[in-house]
Amino acid sequence: MRLHFTKMQGAGNDFVVLDETRQRHGLTPAQYRWLADRHFGVGADQILTVRPAPHPGVDFEYVIHNADGGEVENCGNGARCFVRYVHDAGLTDRRCVRVQTRAGVLTLALQGDGRVTVDMGAPVFEPDRVPFDAQGLAPQPEGDWQRWPLALPAPGEPVVALAVLSMGNPHAVLRVDDVQTAPVAAWGPLIESHPRFPRRVNAGFLQVVGRERARLRVYERGAGETLACGTGACAAVVAGIRLGWFDERVDVDLPGGRLTIEWPRHQGLAAPVRMTGPAEPVFSGVVDVPELP
Ligand SMILES: N[C@H](CCC[C@H](N)C(=O)O)C(=O)O
């Protein structure tokens with residue numbers, strides 16, 4: 001199947017963008033995996049698909065597949081690239097669009113300086129909506145929101161304390177002294193696939209630099225460590241604000257670039273998280289995707 005695509009990146013998190021506004025391609029998980037493969041395919045952390053609005057309340061449908069071929073609920077860096085794509089491709093003349101994802105509706109706005117601001121919606125702590133093992137995940141009263149002990153499956157591994165929450169997609173945040181020396185390669189896969197997370201989880205390694213500065217590395221569900229994770233930056237800042245480490249606006253430095261996250265916690269736990277960061281096209285191309293079951 002011959003496909004037109006556009007390669008994009010947001011703070012180094014990279015994407016293949018497909019336009020299905022006129023027709024569906026009907027790709028299989030194996031074909032999404034092929035497109036994401038950095039040796040046999042195009043190469044990307046995620047595949048983003050633009051589809052027509054499923055209802056009048058939004059402008060487009062925004063569909064996300066991880067490099068492992070699985071469809072997921074949300075992708076923050078991808079959302080910024082999404083609005084840059086639909087604007088540059090002439091699919092809209094608006095600089096602010098609303099999109100429907102599996103997790104809900106996002107509002108995406110192109111800024112004058114080329115960056116993009118996304119209203120990511122409210123974080124979710126309730127176990128019945130957080131795709132985790134609900135055991136013991138009842139929301140804690142403010143102030144003593146516990147960091148969750150997680151006994152890693154490997155015997156002899158230390159018990160780590162994680163903050164778990166959802167930005168539409170699941171996140172587990174671990175505080176570390178220095179992201180450079182954090183055990184991302186060793187612990188990331190263990191946390192990602194730990195039995196406590198029945199739909200797996202994105203594992204964030206957070207270094208608190210100051211009340212308005214953080215450094216973060218993320219071992220992403222279905223993609224491994226990426227150069228940036230937008231929902232991961234949102235989850236880390238929200239967890240840090242609730243645990244008293246941050247003010248309500250934090251610059252987060254990830255290996256691929258900087259994201260600015262704002263959460264007006266004083267408005268309540270249901271306050272929406274806003275993320276601002278870069279979104280850049282890299283190249284466009286045509287590729288023959290093999291027939292894969
Ligand atoms: N790996 C994530 C999806 C992509 C999220 C990330 N690339 C972002 O920018 O938010 C998951 O399985 O939930």
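The values are calculated or read from the model by the stated rules, or taken from the named source; none is laboratory data. All of these numbers come straight from a predicted model, not from anything done at the bench. Neighbour counts are summed over all protein chains in view; Cβ atoms, including those assigned to glycine, are modelled from backbone coordinates with ideal geometry. Areas reflect the complete protein model, heavy atoms only, side chains present, ligands, DNA and RNA absent. Shrake-Rupley method; radii C 1.70, N 1.55, O 1.52, S 1.80 Å.
Considering segment 199-270, the qualifying strands (runs of 3 or more DSSP E), each wholly inside and each with 1 or more residues that are crowded, with 19+ Cβ neighbours inside 10 Å, at pLDDT 95 or above and not β-branched (Val, Ile, Thr), run over 202-210, 213-220, 249-254, 257-262.
For segment 128-143, state whether one or more residues are loosely packed, with under 12 Cβ neighbours inside 10 Å, out of contact with any Ser or Thr (no Cβ under 8 Å at 6 or more places or on another chain) and at pLDDT 60 or above. The answer is no; no qualifying residue exists.
The residue pairs whose first member lies in segment 77-90 and is free of Cβ contacts under 8 Å to residues at least 40 places away in the same chain, whose second member is open to solvent by 30 Å² or more (accessible area, probe 1.4 Å), and whose beta carbons are closer than 7 Å, counting only pairs six or more residues apart or on different chains, are His87/Arg95.
Among the residues of segment 30-53, those identified as β-branched (Val, Ile, Thr) and either within 16 Å of the ligand (Cβ to nearest atom) or closer than 15 Å to Asp14 by Cβ (or both) are Val42, Ile47, Thr49.
Going by the structure shown, is Gln100 out of contact with any Cys (no Cβ under 6 Å at 6 or more places or on another chain), away from the ligand (no atom under 12 Å from the Cβ) and open to solvent by 40 Å² or more (accessible area, probe 1.4 Å)? Lay out the reasoning, then the answer.
Working: out of contact with any Cys (no Cβ under 6 Å at 6 or more places or on another chain): yes; away from the ligand (no atom under 12 Å from the Cβ): yes; open to solvent by 40 Å² or more (accessible area, probe 1.4 Å): yes.
For Gln100, the condition - out of contact with any Cys (no Cβ under 6 Å at 6 or more places or on another chain), away from the ligand (no atom under 12 Å from the Cβ) and open to solvent by 40 Å² or more (accessible area, probe 1.4 Å) - is met.
For segment 60-97, a residue qualifies if it is away from the ligand (no atom under 16 Å from the Cβ), surrounded by 21 or more Cβ atoms within 10 Å (Cβ to Cβ) and more than 17 Å from Gln9 (Cβ to Cβ), and the qualifying residues are Phe60, Val97.
What about Gly156, is it modelled with pLDDT of 95 or more, more than 20 Å from the chain's Cα centre (by Cα) and assigned to a loop (DSSP other than H, G, I, E, B)? So Gly156 does not fit the description; no.
Filtering segment 1-25 to residues that are assigned to a loop (DSSP other than H, G, I, E, B) and either among the charged types (D, E, K, R) or in contact with a Gly (Cβ under 9 Å, 6 or more places away or on another chain) (or both) leaves Met1, Ala11, Gly12, Glu20, Arg22, Arg24.
Of all residues in segment 66-98, those that are within 10 Å of the chain's Cα centre (by Cα) and part of a loop (DSSP other than H, G, I, E, B) total 3.
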